[in-house]
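**Student:** Dropping the structure in here first, questions after.
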Amino acid sequence: MVFIGLCLVAAIALGLVVLKNGEPNIPPPDPALPGTDPPPDQAFLKRDKDKNGILSLQEFFTSTDPKVQKTQGPIFRRLDTDHSDGLSPEEFSKR
Ligand SMILES: [Ca+2]
């Protein structure tokens, strides 16, 4: 019995048995891996008029009112972190 206990302690110490709350400790998927991006949200899909998967500045605007567009332009440029003049779903999700 003592031998089994010592083997279990040794296995845990060697990282052979990793338990957390009774569950195997499996790390979450790496969000940087391709194919693991979340799908675009509904607001993105609604604005992406040409369905190319990128929001242009004109698509980003929620109004044709120049006063509204004047406030939304800086937001668009702040979200466009790669300066591509278009927002990816990921960039748009940071709003
Ligand atoms: Ca688009």
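The values are calculated or read from the model by the stated rules, or taken from the named source; none is laboratory data. Note that the coordinates shown come from a computational prediction; the quantities given were computed from them, not determined experimentally. Positions of Cβ are backbone-derived with ideal geometry, glycine not excepted, and every protein chain shown enters the neighbour counts.
**Student:** If I go through the stretch 67-87 residue by residue, how many of them are of a type in the set (S, T, Y) and under 14 Å from L57 (Cβ atoms)?
**Tutor:** Result for the stretch 67-87: 2.
**Student:** For the stretch 46-71, what are the residues that are surrounded by 15 or more Cβ atoms within 10 Å (Cβ to Cβ) and within 9 Å of the ligand (Cβ to nearest atom)?
**Tutor:** Let us first name the residues in the stretch 46-71 that are surrounded by 15 or more Cβ atoms within 10 Å (Cβ to Cβ), namely 47-48, 54-57, 59-61, 69.
Within the stretch 46-71, R47, D48, I54, L55, S56, E59 meet the criteria.
**Student:** Of the residues that make up the stretch 74-95, is at least one assigned to a loop (DSSP other than H, G, I, E, B), within 16 Å of the ligand (Cβ to nearest atom), surrounded by fewer than 12 Cβ atoms within 10 Å (Cβ to Cβ) and at pLDDT below 95?
**Tutor:** no
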